[in-house]
Amino acid sequence: PGFKGLRETEKAVGLLAFIYALCFPLGLKYFIDYFGVKLKSLAVVTAWLLPVALTYGIFNSFNHQLKAYSYPPGWTTVENMLVSDAGTENVLFLPWRGYHRLDFAGNKKIANPANIFFSSAIVAGKNIDNVYLLENEQADFDKLLTSLVQGRSRLGDNLEFLKEQKISHIILAKVDDYGRYEFLEDSQELNKIFEDKDITLYRIIY
């Protein structure tokens, strides 16, 4: 039952690591006291080699579980366009999710990488698919995007809010449920300035 409080149960490994770090020296001291000082050198050597022997996979990319992936060329193009545009202020990144399943990253679900990749100020969703854990400071954006996706309002009806937030561009990455943001294509207030199979960049017309 205690693990249900963790989004990823693997976080419990941190507690195990703490226990190992605390108890291993005590066990080593007991080992030396039990077998005598003559075996002290052997015990010390064993203490150094044991962690290496138990974690040998770390030297092999954790048995090939870790791998570096490249961002699609379109992401770099969008980054360069935002940097070269003197009117770039804050950039709204969609889909509005805290985690994305990225095709170009082995189809793995990872934390939204937009803030790391783009040098512009990115406004991105931080929700983790739990309506009770939404970031309070993004409550207005959460309500806005929910309303737009559900068709209860239009982008044009919210231009004043976007202008107050200094949103100059909108990025739509073609991952996860990006098809739900088709309202962007129908918005007369947007100018599509780039699109490829991975990403689309819009500039807001105020």
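Largest first, the residues Asp142, Asp103 sort by 1.4 Å accessible area into Asp103, Asp142.
The alpha-carbon of Lys109 sits under 19 angstrom from the alpha-carbons of these aspartates and glutamates, leaving out residues fewer than 8 places away in its chain: Glu8, Glu10, Asp129, Asp176, Asp177, Asp198. Beta bridges assigned by DSSP with both partners in the chain are antiparallel in approximately 60 percent of cases.
Mind checking the log10 I(q)/I(0) for the chain at q = 0.14, 0.15, 0.17, 0.18 Å⁻¹? Debye, one equal scatterer per Cα, no solvent, two decimals. Values, matching the q order: -0.90, -0.99, -1.19, -1.29. Modelled label positions at Asp177 and Gln150, each set 7 Å beyond Cα in the direction of Cβ, lie 1.2 nm from each other. Our coupling estimate for the range 181-191, obtained by passing each phi through the Karplus curve with A = 6.51, B = -1.76, C = 1.60 and θ = phi - 60°, is 9, 5, 4, 5, 5, 8, 7, 6, 8, 10, 10 Hz, Gly and Pro reported as x. Of all complete DSSP H helices in the chain, those with a Cα span along the helix axis of 24 Å or greater and a mean Kyte-Doolittle hydropathy of -1.0 or more are 12-35. Modelled label positions at Asp103 and Lys197, each set 7 Å beyond Cα in the direction of Cβ, lie 0.7 nm from each other.
Net charge in the neighbourhood of Asp198 (other residues with Cβ under 13 Å of its Cβ; Lys, Arg +1, Asp, Glu -1) is -3. His64 contributes about 140 Å² of solvent-accessible surface, heavy atoms of the protein only, 1.4 Å probe. Residues considered: Tyr71, Tyr99, Tyr20. Largest GNM mean-square fluctuation over the chain, using C-alpha springs under 10 Å, is found at Tyr20. Annotation: peptides 184-190, 11-17, ranked by per-residue average of other Cβ atoms within 10 Å with the highest first, follow the order 184-190, 11-17. Could you work out which residue, out of Pro73, Pro25, Pro113, moves most in a Gaussian network model of the chain, that is, has the largest mean-square fluctuation with Cα springs under 10 Å? With Cα springs under 10 Å in the chain, the top fluctuation among Pro73, Pro25, Pro113 is at Pro25.
With a sphere of radius 12 Å drawn around the Cβ of Phe183, what net charge do the other residues whose Cβ falls strictly inside it have (Lys, Arg +1; Asp, Glu -1)? With Lys, Arg at +1 and Asp, Glu at -1, the neighbours total -2.
A Gaussian network model of the chain, with springs between Cα atoms under 10 Å, assigns the largest mean-square fluctuation among Tyr69, Tyr56, Tyr34 to Tyr34. Residues whose amide H lies under 5 Å from that of Ala121, counting only those 5 or more places away or on a different chain, are Val91; hydrogens are built 1.01 Å from N in the peptide plane. Take the chain with all the other protein chains still there, run a 1.4 Å probe, and you get 66 Å² of accessible area per residue.
Applying D = kT/(6 pi eta Rh) to the range 1-120, where Rh is the Kirkwood radius over alpha-carbon pairs, T corresponds to 20 °C and eta to 1.002 mPa s, the Stokes-Einstein value obtained is 110 µm²/s.
The values are calculated or read from the model by the stated rules, or taken from the named source; none is laboratory data. Treat the numbers as computed from the prediction; the structure is a model and nothing was measured. Note that we place each Cβ from the backbone using ideal geometry, even for glycine, and neighbour counts take in every protein chain shown. SASA here: full protein model, heavy atoms, side chains in, ligands and nucleic acids out. Shrake-Rupley method; radii C 1.70, N 1.55, O 1.52, S 1.80 Å.
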